[in-house]
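Laboratory data are not the source of any read-out in this text; all were calculated from the coordinates shown. Worth saying up front: this structure is predicted, and the values here are computed from it rather than measured. Methodologically, a virtual Cβ is constructed for each residue, glycine included, from the backbone with ideal geometry; neighbour enumeration extends over all protein chains shown.
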Amino acid sequence: MYSLKNKVQLIGHLGGKPEVKNTDGGKKVATFSMATNEIYRNAQGEKVTETQWHRLVAWGKIADRVEKYLDKGKEVAIEGKLLNRSYTDKDGTKKYISEILVNELLLIGPKVA
């Protein structure tokens with residue numbers, strides 16, 4: 001019997017400097033965004049690039065690596081799982097968000113100075 005897993009694998013570039021915080025409980029958490037691009041030719045033969053943005057969250061040792069090595073524009077490969085959650089903002093409006101919880105991180109591309 002096969003089991004389906006909630007698994008996401010992406011390769012892309014960071015959209016900005018990761019935000020790293022320590023929780024009240026002393027755990028480190030990093031949040032950052034990643035852009036992935038799909039390039040194809042449309043019906044007219046024109047090259048089209050579509051960019052998708054992804055919100056990522058990393059905890060513990062992975063958050064340490066994010067803080068130490070990642071910056072805007074850095075190319076990385078990640079593996080994680082998709083999480084959907086909701087929260088109520090300061091105006092009392094319920095908001096919904098999708099995030100990828102990173103459990104593997106691979107630094108690729110040229111070294112950023």
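Consider residue 17 carefully, then state whether it is without any contact (Cβ under 8 Å) to a residue 12 or more places away in the chain and either loosely packed, with under 14 Cβ neighbours inside 10 Å or not aromatic (Phe, Trp, Tyr) (or both).
On the way: without any contact (Cβ under 8 Å) to a residue 12 or more places away in the chain: no; either loosely packed, with under 14 Cβ neighbours inside 10 Å or not aromatic (Phe, Trp, Tyr) (or both): yes.
Judged against the criteria, residue 17 is not a match.
Would you point out the residue of segment 53-73, among those that are assigned to a helix (DSSP H, G or I) and of a type in the set (Gly, Ala, Ser), that is surrounded by the fewest Cβ atoms within 10 Å (Cβ to Cβ)?
Residue satisfying both the conditions and the ranking: 60.
Working only within segment 74-113, note down all residues that are assigned to a strand (DSSP E or B), of a type outside the set (A, V, I, L, M) and surrounded by 13 or more Cβ atoms within 10 Å (Cβ to Cβ). Explain how you work it out, then say what you get.
If we filter segment 74-113 for residues that are assigned to a strand (DSSP E or B), which is where we start, we get 75-88, 94-107.
Right, trim to of a type outside the set (A, V, I, L, M) and you get 75, 79-81, 84-88, 94-96, 98-99, 103-104.
If the condition is that a residue be assigned to a strand (DSSP E or B), of a type outside the set (A, V, I, L, M) and surrounded by 13 or more Cβ atoms within 10 Å (Cβ to Cβ), then 75, 79, 80, 81, 99, 103 are the ones that fit.
So if I check each of 48, 66, 20, 102, which one is among the aliphatic types (A, V, I, L, M) and touching a Leu at 6+ places or on another chain (Cβ under 6 Å)? Even if it seems obvious, please write down each step before you answer.
On the way: 48 fails: touching a Leu at 6+ places or on another chain (Cβ under 6 Å); 66 fails: touching a Leu at 6+ places or on another chain (Cβ under 6 Å); 20 fails: touching a Leu at 6+ places or on another chain (Cβ under 6 Å).
Step by step, each of 48, 66, 20, 102 is checked, and only 102 is among the aliphatic types (A, V, I, L, M) and touching a Leu at 6+ places or on another chain (Cβ under 6 Å).
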